[in-house]
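Participant: Could you have a look at this structure, given as structure tokens, before my questions?
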Amino acid sequence: MDANEKWYSVKEFAGGLAVSRDTVIRWIHRGHLKAFRFPVPGRTRKRSYESYRIRSADGELFIRKWMTS
């Protein structure tokens with residue numbers, strides 16, 4: 001793994017592809033897009049939320065496989 005490798009948030013990745021954040025999360029849950037999940041503790045709720053990060057290499061692979069015809 002390269003120390004200078006770019007990582008994208010779901011919001012950044014969705015914005016680059018002009019899709020919604022929900023769509024990117026759906027791709028992750030279905031296994032189409034590889035992402036790393038980090039737990040983020042909730043501030044006012046007892047439930048924890050998740051923060052996903054997408055490695056640039058994984059994003060490029062996804063685009064080549066699923067976004068080109």
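Here, each number is a calculation from the coordinates, and none is a lab measurement. Please read these numbers as outputs of a predicted model, since none were measured by experiment.
Participant: Taking amide H positions as placed in the peptide plane 1.01 Å from N, state which residues far from Arg55 in sequence (5 or more) or on other chains have amide H under 5 Å from it.
Facilitator: Amide H neighbours of Arg55, under 5 Å, 5+ apart: Tyr8, Phe36.
Participant: Using modelled backbone amide H atoms (1.01 Å from N, in-plane), which distant-in-sequence or interchain residues come within less than 5 Å of Leu33's amide H?
Facilitator: Correct list: Ile28.
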